[in-house]
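Visitor: Quick one: the structure is below, and I'll ask about it shortly.
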Amino acid sequence: MRNDKAWLAVLPVVIVVAFTAIVPLMTVVNYSVQDIFDVDTRIFVGLDWYRETLRDPRFIDALLRQVLFSGLVLAIEVPLGIWIARAVPREGPATAAFLIVLAIPLLIPWNVVGTIWQIFARPDIGLLGAAVTAIGLSYNYTGSALDAWITLLLMDVWHWTSLVALLAFAGLASIPRACYQAAELDGANAWQVFRYVELPRLRAVLTIAVMLRLMDSLMIYTEPFVLTGGGPGNSTTFLSQYLTTMAVGQFDLGPAAAFSVLYFLLILLLCWLFYTSVMKGGADDR
Amino acid sequence: MAWMAWTWPTAAFFASIVLALTAMTLAEMRWPTAERQGWLPLSTTRGDRFFISLLGSAFIHVLWLAATDLPVAGAGLLSLGYAAVVMTRG
Amino acid sequence: MTADARKAHWTLYLYCGWLLLPLYWLLTMAVKRNQDITGTLEVIPARPTLDNFVEIFTNPVWYEAFANSLTYVVVNTLVSVAVALPAAYAFSRYRFLGDRHLFFWLLTNRMAPPAVFLLPFFQLYSAIGLFDTPFAVALAHCLFTVPLAVWILEGFMSAVPRELDEMSRIDGHSRAWFFFRIFIPVIRSGIGVTVFFCFMFSWVELLIARTLTASDAKPIVVVMTRTVSAAGLDWGVLAAAGVLTILPGIAVVWFVRRHLVKGFAMGRV
């Protein structure tokens, strides 16, 4: 139903979000073209900070690490999540219990996830760390970059695979039984059932799962901050971590603002691509 | 407002975006658009094409700044051309 | 696939065990003394103690931090749901000028990293005199909880057939009467799920909460990270605080347990 008066109902949201998003964003753009010493002492420098940031090897490194991390996270969590969702019984008393257990990691505050893994993976006091050390592997996530990465990936898989699994389970549960019966009559094997019956019907829900996981992994801050603090060295410093160090740690307003704008543009592009494909896929959605 | 550290160029930038949005809104009320399919691989309304123009222009500037030390006006011209193509043919 | 649809694969039990193992470790840590934690590796605590919890409930640094966190989380959740309800209704029932673009803009705020907004937030909330109060954090968290609330509520509202609206109009009820007396009770499960996620996302957020507070309004997540860096040794209390921060989430999820899976099912988290 077409009704432009509906704008009145949306207005409170627009005002609140404009205050918390647009005003800060405009400020960031203002900062990004100036060299700021304090409010009264500032010099207009044009787009120099952008040029500098785009050629800053530490920015490029953080970006590449971020891309690698997000790529690995998606590559592990999406197939694993689908596989778990297929293993959960479709009905019966066990279903609810499995779903609740799967949901548990999603309900834990992110810094506590970091804390949990900190005390779980430390070689001296952690169950995992001690177990790995006991079988003779040298493992220390605060000392070795590779170990830090493995621990971070394990933590993220532990934390977020359930989200993909729950979304995929919801998608699987909505597939009519008749589709399976038809496939059975055709003599389809398990792989063919998955490939031709399940996967096409999971498309919409998987797009959303990939979008949520990609966006959330791109803004990851809290868990690595607690677990590794971005180290050893800079080996687990991702975009948010680097930006926060610049903005709050060193108070480099101009470069940090340029960084923020670039970061936001990247998110905006990805978000738009996904939003377009979700909306195209599910016209019923809106 | 002092903490927002306004400058004339950024003020002009935001003013032009607000003006453009207002113009788009008025145009939409006067001549509502229909979705259409151009060379872009999806059907778009006028508002969509406007957004694609802005976002694309932003990335043209980013790539320009990353790649060359030539004046930014070049990226500006390129963006104008791109925006014109998207708005009319997209 | 159809034959074993009721049976779980044994690997699923393995995966669930792997999910619960770190949590079990956190629990055992919380009831151990520090010398036992650093001394020997005990899978089952030999001398369980509640001292760590006593420490948290008697030390004002800890319990005031809990109170601060709860204050801004509750304020944030109330504001978010209150402004999101009419907006979600408008999005689910009407087409209006620029609705899709507005919806997309809201979504980008849910997806954008808080770090991007960090820089001006400090200046903004200092300028309006809210810095180091729970209200600054509550308002700043609206950045992602309001879009989230609109997104989830819109999904639940769209699932309610439009005939309900039309029938009430035919019966001669006013729109406000319909909205509060009929529509809200119908979507109460959706509101429950929304409250849960607003609560959760505000409760777990660290970066903004840390930047916008200095001393008076320091929230629990910040106190926890400071304990790690400063003392570096008090693992038992840290683990106990971790256990306590999980509890509100579990309490809220208990109230909305029937609807939560439905919330996940719509993919709007």
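Visitor: Could you list, in sequence order, the residues of the stretch A:189-221 that are under 17 Å from the mean Cα position of the chain (by Cα), part of a helix (DSSP H, G or I) and more than 17 Å from A:I84 (Cα to Cα)?
Guide: A:T207, A:I208, A:M211, A:L212, A:L214, A:M215, A:D216, A:S217, A:L218
Visitor: So, one more: Please verify whether C:F178 is in contact with a Leu (Cβ under 8 Å, 6 or more places away or on another chain), farther than 21 Å from C:F103 by Cα, not in a loop (DSSP other than H, G, I, E, B) and not basic (K, R), treating the condition exactly as stated.
Guide: Taking the combined requirement at face value, the residue does not satisfy it.
Visitor: Answer yes if at least one residue in the stretch B:56-77 is under 13 Å from the mean Cα position of the chain (by Cα) and farther than 24 Å from A:L47 by Cα, and no otherwise.
Guide: no
Visitor: Something else: How about the stretch B:26-54: which of its residues are facing chain A (nearest Cβ under 9 Å) and surrounded by 14 or more Cβ atoms within 10 Å (Cβ to Cβ)?
Guide: B:L42, B:D48, B:F51, B:I52
Visitor: Answer yes if at least one residue in the stretch A:74-83 is within 26 Å of A:L206 (Cα to Cα), surrounded by 22 or more Cβ atoms within 10 Å (Cβ to Cβ) and among the small types (G, A, S), and no otherwise.
Guide: yes
Visitor: Taking the stretch A:74-93 on its own, how many of its residues are in contact (Cβ under 8 Å) with a residue 24 or more places away in the chain, touching a Leu at 6+ places or on another chain (Cβ under 9 Å) and not basic (K, R)?
Guide: Residues meeting the conditions: 9.
Visitor: Count, please, the residues in the stretch A:176-216 that happen to be facing chain C (nearest Cβ under 9 Å), among the charged types (D, E, K, R) and free of Cβ contacts under 8 Å to residues at least 12 places away in the same chain.
Guide: The number of residues fulfilling the criteria is 2.
Visitor: Also: Is at least one residue of the stretch C:158-166 among the β-branched types (V, I, T) and in a loop (DSSP other than H, G, I, E, B)?
Guide: Yes, the stretch C:158-166 contains at least one residue that is among the β-branched types (V, I, T) and in a loop (DSSP other than H, G, I, E, B).
Visitor: Can you say whether B:V18 is within 11 Å of another protein chain (Cβ to nearest Cβ) and hydrophobic (A, V, I, L, M, F, W, C), as far as the supplied structure shows?
Guide: It is true that B:V18 is within 11 Å of another protein chain (Cβ to nearest Cβ) and hydrophobic (A, V, I, L, M, F, W, C).
Visitor: Of all residues in the stretch A:84-114 being farther than 30 Å from A:F225 by Cα and more than 7 Å from chain C (Cβ to nearest Cβ), which is surrounded by the most Cβ atoms within 10 Å (Cβ to Cβ)?
Guide: The extreme case among them is A:A85.
Visitor: Which one is farthest from A:Y263 (Cα to Cα), of the residues in the stretch A:189-221 that are buried (at least 21 other Cβ atoms within 10 Å of the Cβ) and in contact with an Asp or Glu (Cβ under 9 Å, 6 or more places away or on another chain)?
Guide: By that ranking, first place goes to A:A209.
Visitor: Here is a further query. Tell me the residue from C:L50, C:L27, C:L78 that is within 14 Å of chain A (Cβ to nearest Cβ) and either touching a residue at least 12 places away in the same chain (Cβ under 8 Å) or among the acidic types (D, E) (or both), please.
Guide: It is C:L27.
Visitor: Can I ask one more? Of the residues that make up the stretch A:13-24, is at least one at negative phi and in contact with a Pro (Cβ under 6 Å, 6 or more places away or on another chain)?
Guide: Yes, there is a match, as at least one residue in the stretch A:13-24 is at negative phi and in contact with a Pro (Cβ under 6 Å, 6 or more places away or on another chain).
Visitor: Here's something else I'd like to know. Restricting attention to the stretch C:130-185, and to residues there that are of a type in the set (F, W, Y) and closer than 17 Å to A:V17 by Cα, which single residue is farthest from the chain's Cα centre (by Cα)?
Guide: Among residues in the stretch C:130-185 that are of a type in the set (F, W, Y) and closer than 17 Å to A:V17 by Cα, the one farthest from the chain's Cα centre (by Cα) is C:F135.
Visitor: Now, a different point. Among the residues of the stretch A:234-254, is any facing another protein chain (nearest Cβ under 8 Å), hydroxyl-bearing (S, T, Y) and part of a helix (DSSP H, G or I)?
Guide: Yes, the stretch A:234-254 has at least one match.
Visitor: Check A:L68 against each of (1) closer than 30 Å to C:V193 by Cα; (2) surrounded by fewer than 19 Cβ atoms within 10 Å (Cβ to Cβ); (3) at pLDDT 85 or above and name the one condition it does not meet.
Guide: Single failed check for A:L68: (1).
Visitor: Residues being modelled with pLDDT of 85 or more, polar (S, T, N, Q) and not in a helix (DSSP H, G or I): count how many of those fall in the stretch A:164-188.
Guide: Of the residues in that region, 0 qualify.
Visitor: Quick one: count up the residues across the stretch A:81-107 that are out of contact with any Phe, Trp or Tyr (no Cβ under 6 Å at 6 or more places or on another chain), closer than 16 Å to C:C16 by Cα and assigned to a loop (DSSP other than H, G, I, E, B).
Guide: 1
Visitor: Just one of C:V193, C:V223, C:V243 is at pLDDT below 85 and either at the interface with chain A (Cβ under 10 Å from one of its Cβ atoms) or within 18 Å of C:T58 (Cα to Cα) (or both); which is it?
Guide: After applying the criteria, what remains is C:V223.
Visitor: Give me the pairs, please: first residue somewhere in the stretch C:93-104 and facing chain A (nearest Cβ under 7 Å) and closer than 15 Å to A:M279 by Cβ, second residue anywhere and among the β-branched types (V, I, T) and assigned to a helix (DSSP H, G or I), beta-carbon distance under 7 Å, and either six or more positions apart or on two chains.
Guide: From residues that are facing chain A (nearest Cβ under 7 Å) and closer than 15 Å to A:M279 by Cβ, the pairs are C:L102/A:V10.
The values are calculated or read from the model by the stated rules, or taken from the named source; none is laboratory data. Worth saying up front: this structure is predicted, and the values here are computed from it rather than measured. Don't worry about glycine lacking a Cβ; one is built from the backbone with ideal geometry, like all the others, and counts go over all protein chains shown.
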